[in-house]
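See below for the structure under consideration.
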Amino acid sequence: MSAGWTLIDGIGSLVTNDPEAGEGRLGLLRDAAVVIGDGAVQWVGPSARVPDGAAGTRIDVEGRAVLPGFVDSHSHTVFGGDRAEEFAARMTGAAYGAGGIRTTIAATRAASDDALSANAARLAAEARAQGTTTLEIKTGYGQTVRDESRSLDVAAGVSDEVTLLAAHVAPPEYAGRQDDYVAMVIDEMIPACAPRAKWIDVFCEEGAFTEEQSRAVLTAGMAAGLVPRVHGNQLSYGAGVRLAVELGAASVDHVTYTTDADVEALAGGSTVATLLPGADFSTRNKYPDARALLDAGVTVALAADCNPGTSYTTSIPFCIALAVREMHMSPDEAVWAATAGGAAALRRTDVGALRVGMRADLTVLDAPSHLHLAYRPGVPLVSRVFAGGAER
Ligand SMILES: N=CN[C@@H](CCC(=O)O)C(=O)O
Ligand SMILES: [Zn+2]
C-alpha cells in the first residue's frame, strides 16, 4: 500500500472479467472498490474489505458502474479527407465496394504528416472519451512504401498496437496489375515497414485480394516477424476465415458472411472472430451471426472499425448497443467482447480485465450497471476514464 495510490470506491457494480473475483464470466462485484497505483491495479474487492490505509487518495464514484477500459482491436485512423458523400449515396441505395478505399488513398497521400497526425490524435481522443483505453491502428491508405511508412509513424504516435495493412486494395497505379502490387509489397514494403509494426493485415475479399495473394502477403509478413490478422468475409462468403485459421492469425475481422465450416474452423482454432457492427450499420450490410459463433465456443471480440468509408465512429458503446440489438448478443457477452475479447484479439494479457497486476485501465459509467450501455443507446454514459492509472 502506498500514499501515492488511489482508492476508487462506492462502485455500484464492477465488471472485473475475472470469474474468480465475482459473479459469472464478467466477474461482477456489487458495492466494490479498486485500488490503483504505479499504473496498475493493486487491489480489487468488496468495499467493506478495503485494507486500512490502502491508498492516499480516495475517489467515491457514488454507486456508478466501473468496467475495464474498452480494447478496440480494429481501427483505420490514419487517413485524409472523409467520404460523407459516399455514405449519403449508400443510404439512398448505392452499394459499398472495396474500391471506395481508393478515394481515401488519394486524400491520404495528399495530406501532410502533421495533418495525418492531428487527425489520428483527434480520433484517439474521441475514442478515449468514450471509454477506449487500448486502440489498435492500421495503415492501409498509403499503399506505397513511403505512404505506408509515414502512416506507421503516425499510428505509432498514438498507439503501441500498430498494424501494417499492406494489402488493403491495389492502388490506381497498379490497376489491373494486382500480382505486381503483391510482389512490391513482399519485396519492398514489408522489408522496409516491418520493423515499425507489430501486426500484418490483408483485405481478403472480392475486389481486394484473393486467397493466394493474401496468403503470400501474410506469410511474408510473418517471415519478417509480424503476427497476422485478416479482414475477411465482410462482403461475401470467401476464404478469409479459413486462411486466418490456417495461419494461426490472432484475429479475423468482420466475419459477416460465414458458413458452418467457417464457424467450425474458428471453434477448432485459436483465431478470435472480431465483429464490426459499425461497418455493417454504415454499409447497410447484414450483421454477422454472432449467436452461431458464440454458441460454437468461438472467442468473439467487438471493435469499432473507425475509418472514413464503412464505419466513421469511434464509439464502442454504440457497437455494444448494435451487438445486443442486431446480433442478439446478451449485454454481458457484448461487454466481455469489447473488453476481454479485444484483449484476446490483440493477444494482450495486461488489459481487458481488472485483476491485480493488470494495467489500471478503467471506465466509469454515469449509470448503475454495464447493462445501461445497450439499454441507453446514444447516451454519453462514460463519465471518467483512467488509462495506465492516469485520468484522461
Ligand atoms: N474492409 C476493409 N477496410 C475497411 C474499410 C475501408 C474503407 O472503405 O475505407 C473496413 O474494415 O471496413
Ligand atoms: Zn478494417
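Worth a mention:
- Tally, over segment 251-290, of residues that are basic (Lys, Arg) and open to solvent by less than 40 Å² (accessible area, probe 1.4 Å): 0
- Arg291 being within 21 Å of Phe318 (Cα to Cα), assigned to a helix (DSSP H, G or I) and either of a type outside the set (A, V, I, L, M) or more than 14 Å from ligand 2 (Cβ to nearest atom) (or both): yes
- The number of residues in segment 300-314 being among the polar types (S, T, N, Q), open to solvent by less than 10 Å² (accessible area, probe 1.4 Å) and away from ligand 2 (no atom under 11 Å from the Cβ) comes to 1.
- Scan of segment 55-79 for residues that are open to solvent by 40 Å² or more (accessible area, probe 1.4 Å) and either more than 21 Å from Ser383 (Cα to Cα) or acidic (Asp, Glu) (or both), ordered by number: Gly56, Asp60, Glu62
- For the condition open to solvent by 30 Å² or more (accessible area, probe 1.4 Å) and assigned to a strand (DSSP E or B), Asp52 does not qualify.
- Test result for Val241, away from ligand 1 (no atom under 15 Å from the Cβ), β-branched (Val, Ile, Thr) and either out of contact with any His (no Cβ under 8 Å at 6 or more places or on another chain) or open to solvent by 50 Å² or more (accessible area, probe 1.4 Å) (or both): no
- Count - residues of segment 268-309 that are polar (S, T, N, Q), away from ligand 1 (no atom under 14 Å from the Cβ) and within 16 Å of the chain's Cα centre (by Cα): 2
- Top-ranked residue in segment 1-44 [being in a loop (DSSP other than H, G, I, E, B) and of a type in the set (Val, Ile, Thr); ranked as surrounded by the most Cβ atoms within 10 Å (Cβ to Cβ)]: Val15
- Here Ser117 does not fit the description of being small (Gly, Ala, Ser) and surrounded by fewer than 13 Cβ atoms within 10 Å (Cβ to Cβ).
Yes or no, residue by residue, for (1) open to solvent by less than 10 Å² (accessible area, probe 1.4 Å); (2) away from ligand 2 (no atom under 16 Å from the Cβ):
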{"site": "Gly93", "(1), (2)": "no, yes"}
{"site": "Ala98", "(1), (2)": "yes, no"}
{"site": "Ala106", "(1), (2)": "no, yes"}
{"site": "Asp113", "(1), (2)": "no, yes"}
{"site": "Ala127", "(1), (2)": "yes, no"}
{"site": "Gly131", "(1), (2)": "yes, yes"}
{"site": "Gly142", "(1), (2)": "yes, no"}
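- If you check Arg291, Arg348, Arg392 for being at pLDDT below 95 and not β-branched (Val, Ile, Thr), only one passes: Arg392.
- When Ser251, Ser236 are screened for being small (Gly, Ala, Ser) and out of contact with any His (no Cβ under 9 Å at 6 or more places or on another chain), only Ser236 passes.
- Of the criteria (1) of a type outside the set (A, V, I, L, M, F, W, C); (2) open to solvent by less than 40 Å² (accessible area, probe 1.4 Å); (3) not in a helix (DSSP H, G or I), which one Arg348 fails: (2)
- Among the candidates Asp38, Asp113, the residue that is touching a residue at least 24 places away in the same chain (Cβ under 8 Å) and either in contact with a helix residue (DSSP H, G or I) (Cβ under 8 Å, 6 or more places away or on another chain) or not acidic (Asp, Glu) (or both) is uniquely Asp113.
The values are calculated or read from the model by the stated rules, or taken from the named source; none is laboratory data. Small disclaimer: the values here were computed from a predicted structure and weren't measured. Please note: Cβ atoms are built from the backbone with ideal geometry, for glycine as well, and neighbour counts cover all protein chains shown. For accessibility, only protein heavy atoms count, side chains too; no ligands or nucleic acids. Shrake-Rupley method; radii C 1.70, N 1.55, O 1.52, S 1.80 Å.
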